[in-house]
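Values quoted throughout were computed directly from the atomic coordinates according to the rules given, and no laboratory measurement underlies them. All of these numbers come straight from a predicted model, not from anything done at the bench. Note: ideal-geometry Cβ built from the backbone for every residue, glycine included; neighbour counts use all protein chains shown.
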Amino acid sequence: MLTIDCQVHAYERDRPQRPWAGTLVGPAEVTGDDMVAAMDAVGVDGALLVSPYSMYRYDPSYALEVHARHPGRFGLIRPFDPEASNVGDEVAHWAATPGAVGARIMLSDGYSDGDVSADHAGLNQILAAGATNDIPINVLCWRKLDLVAALARRHPNTQIVIDHLGLTQPFQPPPPQQPFADLPNVVALAALDNVAIKVSGACTLSHQPFPYDDIWEPLGHIFRAFGFERCMWGTDWTRAVELLTHAQGVEAFRVTDQLTESERAALMGGSLARIYAWTPSH
């Protein structure tokens, strides 16, 4: 079975040549080599490597270095600044970059209090460029699901991918008391045919130890609404490092009896390969 993680992050130590803009919970560094070793240890064929906004903001240079070193293992996604005047052109340039498979919007950062609408010029430029350049637009949209729905309706030809179940996820224990409280709003997005969803970081929402049996009932609502052809599994490594091991994030989806083999194959790689038009090779 082809196994592809829909979201991982890699980064080097904070250094003057490429200083961190902020911090991320986790080790002092998790290099591309470290990420490949972790995937090899558990039989993951490849992953979508998302340039970490927390450290590098809109600079994808480290992700590009990792891809150059491991070209068959990673498809690349980078965040874009909706306030940049030429952001549509930036997305077009990125789409033509070797290894690039997606772009990202960070709606949950800087857009937290209803201070942006579906009329926002930069957001619309990014989404329009996604359709024109045939590249999925990934959206981190905790507490912004209504805005995503409005944007998806405006751009029906753009493949939109909801990051991390559309739900607020913790960086450290404990998980939220009601981690799936916003589930009805997530499920409502399934009515939009151009919206897919990353089932990434799901284990960090569990109140139980491995194999996290309490996540499957709420995840079932998402699977039934979107269909497995629009759902993609991922660990969100290394954001999840304080809550579980990388191996646990992989194995929880392998050992569960809540998935058929065909559902598991779609969720853990098949759907991603189709949506992003990318498969790993090594």
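Below are the figures for this structure:
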read-out: Residues located in region 63-93, provided they are outside any loop (DSSP other than H, G, I, E, B) and buried (at least 20 other Cβ atoms within 10 Å of the Cβ); value: 63, 66, 67, 74, 75, 76, 77, 78, 79, 87, 88, 91
read-out: Which numbered condition residue 262 misses (of (1) without any contact (Cβ under 8 Å) to a residue 60 or more places away in the chain; (2) under 19 Å from residue 159 (Cα atoms)); value: (2)
read-out: Any hit, region 159-177, residues being more than 28 Å from residue 25 (Cβ to Cβ) and outside any loop (DSSP other than H, G, I, E, B); value: no
read-out: Selection within region 194-212 - surrounded by fewer than 15 Cβ atoms within 10 Å (Cβ to Cβ) and touching a residue at least 24 places away in the same chain (Cβ under 8 Å); value: 207
read-out: Subset of region 169-193 (residues that are polar (S, T, N, Q), touching a residue at least 60 places away in the same chain (Cβ under 8 Å) and surrounded by 15 or more Cβ atoms within 10 Å (Cβ to Cβ)); value: 169
read-out: Residue that is under 19 Å from the mean Cα position of the chain (by Cα) and not in a helix (DSSP H, G or I), where the choices are 247, 240; value: 240
read-out: Region 43-62, subset among the small types (Gly, Ala, Ser) and not in a loop (DSSP other than H, G, I, E, B), residue farthest from the chain's Cα centre (by Cα); value: 61
read-out: Top-ranked residue of region 151-169 - restricted to ones that are of a type outside the set (A, V, I, L, M, F, W, C) and more than 14 Å from the chain's Cα centre (by Cα), ranked as nearest to residue 6 (Cα to Cα); value: 158
